[in-house]
């Protein structure tokens, strides 16, 4: 903690004051190690995507020759484009379903104490059960209403799946809203719906965006439910498509890396652009 | 801390009871509409959580396969059979060990990363973006990345260890009964540590500065301040984060599916994967249902001590 005062890394101070210097040095080394640990697997996969099959077996980091052919090959041999489209459609629709249900409900539960203490506890308790619990009952339910193996069915499943998460994230945002504005609008004669739409939702926008993105990513990344509820290329999502590589007699590592990278790009772009919202959303729970 | 205290209080007051919607009749319309608005959420939870549970209870007492359900009742046979099966009970144990190990490891590492983030002056944004990425990566892709790193022929870890002359022969990490499980844990820690780091970092920002100033005046050292101020004050938030990670860890499926397929032998077969196989490969939905319910009970039992610890830690602070 002595190091807090030396916020700038200037050679003079840390040489003169040994303990501070050691701390600073350890911190830089630690940071470097952390960064390396977290990005190395990604870099290695990127490198593998540029290697030929014999080059992959050699195990080096840098490709011996840069082999671009994996990219068109992966795109043509498996339906990466279709999988990607399916994932984006199911995840986006799913996140919208989640928000449409969760925003008014969370507002009512937190602001008007609908359901008392029981309902919030119950909502969070449903999150504890592993998804395998819902797998078979959902399958039979979807089958009976003809939504197995449809993107619409997947979107509904994802929409419902993320409700507890959305409630948990949104409730901390709702709690921070000033009540006075809603009260003022109400005194001016605005009804429940117009208070919600004109006052609450605009004020809640940062929370809604954060929650929406997190739900979108959770749905985009989901595998277990998708692998069971989608059975054909026209509905399978990207994680399911990627898992199909595992069935090959000889794994096409290069193409598998390419397909994985293509799948990552949308989420990483989302993470970069909406970094602030994402972090605000993720951390909303721990700061209450 | 100030924020932690004031916000719940405001909600505790709730709406002034008996307050009526201006310009309406005698009933508390706001509550009524509130219930109407909450209904879709409750409906969703019924479809995703309540109905599956009830359905599973019925299934678990029946003889069912994927094609035809409910082909007769078998009583508690599926339960007694499953408990008698070493493969099932060890999968439960393995799920518990997996959840506890990955939670402890990613919490320790996550706190370290959070402290680094807290201290980093330059490049904090870059650091934050970078560590956000593992969290955003689909678990299937995380598994693919680690499969590439760990494969015996051409995996980076093998060629690195052989270059360092530590190994003379490539080792199949994921094919070894002793090493496969720790490496699946490692991949999980890689994915989830950033989540814990970000949450912990956010919790760190709420700690009051003046206590540190006072401790500094008293001549407390850095480590001493961490153990006697930071950690105790962080404890409630940290335990809450750990509970979340624990619950998530019990859900692990994708990593096992790609990295090891549950093997070698049963070495990495966690419960969710075991149950999936009973249903998909043996088509025995009845047994799978009974096992799912027992698994859910185990998850609850393991989680309870942590939520209790959270309540104790929170009480001690206030």
Residue match in region A:71-80 (condition: without any contact (Cβ under 8 Å) to a residue 24 or more places away in the chain, within 12 Å of chain B (Cβ to nearest Cβ), more than 24 Å from the chain's Cα centre (by Cα) and more than 30 Å from residue A:150 (Cβ to Cβ)): no
In region B:196-211, residue surrounded by the most Cβ atoms within 10 Å (Cβ to Cβ) [restricted to those that are more than 7 Å from chain A (Cβ to nearest Cβ) and not in a loop (DSSP other than H, G, I, E, B)]: B:197
Sole residue being within 12 Å of chain A (Cβ to nearest Cβ) and either touching a helix residue (DSSP H, G or I) at 6+ places or on another chain (Cβ under 7 Å) or in a loop (DSSP other than H, G, I, E, B) (or both), chosen from B:70, B:58: B:70
Helices (runs of 4 or more DSSP H) lying entirely in region B:104-169 (those with 2 or more residues that are out of contact with any helix residue (DSSP H, G or I) (no Cβ under 9 Å at 6 or more places or on another chain) and more than 8 Å from chain A (Cβ to nearest Cβ)): B:156-163
Count of region B:218-247 residues which are in contact with a helix residue (DSSP H, G or I) (Cβ under 9 Å, 6 or more places away or on another chain), within 9 Å of chain A (Cβ to nearest Cβ) and farther than 21 Å from residue B:193 by Cα: 5
Identity of the residue in region B:16-55, surrounded by 16 or more Cβ atoms within 10 Å (Cβ to Cβ) and at pLDDT below 75, that ends up nearest to the other protein chains (Cβ to nearest Cβ): B:21
Candidates B:313, B:289, filtered to the one that is in a helix (DSSP H, G or I) and buried (at least 20 other Cβ atoms within 10 Å of the Cβ): B:289
Any hit, region B:262-272, residues being in a helix (DSSP H, G or I), out of contact with any strand residue (DSSP E or B) (no Cβ under 6 Å at 6 or more places or on another chain) and either closer than 30 Å to residue B:203 by Cα or in contact (Cβ under 8 Å) with a residue 24 or more places away in the chain (or both): yes
Of the criteria (1) without any contact (Cβ under 8 Å) to a residue 12 or more places away in the chain; (2) under 16 Å from the mean Cα position of the chain (by Cα), which one residue B:312 fails: (2)
Complete set of residues in region A:40-64 that are in contact with a helix residue (DSSP H, G or I) (Cβ under 6 Å, 6 or more places away or on another chain) and either part of a helix (DSSP H, G or I) or modelled with pLDDT of 90 or more (or both): A:41, A:44, A:45, A:48, A:56
Unmet criterion (only one of (1) closer than 22 Å to residue B:103 by Cα; (2) more than 8 Å from chain A (Cβ to nearest Cβ)) for residue B:250: (2)
Helices (runs of 4 or more DSSP H) (entirely within region A:225-288) containing at least 1 residues that are modelled with pLDDT of 85 or more and facing chain B (nearest Cβ under 10 Å): A:238-244, A:253-273
Residue in region A:116-129 that is surrounded by 15 or more Cβ atoms within 10 Å (Cβ to Cβ) and over 30 Å from residue B:274 (Cα atoms) present: yes
Test: residue in region A:192-199 that is within 11 Å of another protein chain (Cβ to nearest Cβ), surrounded by fewer than 17 Cβ atoms within 10 Å (Cβ to Cβ) and more than 20 Å from residue A:88 (Cβ to Cβ): yes
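The values are calculated or read from the model by the stated rules, or taken from the named source; none is laboratory data. What you see is a predicted model, and the numbers here were worked out from it, not measured in a lab. Positions of Cβ are generated from backbone atoms using ideal geometry, with glycine treated the same way; all protein chains shown enter the neighbour counts.
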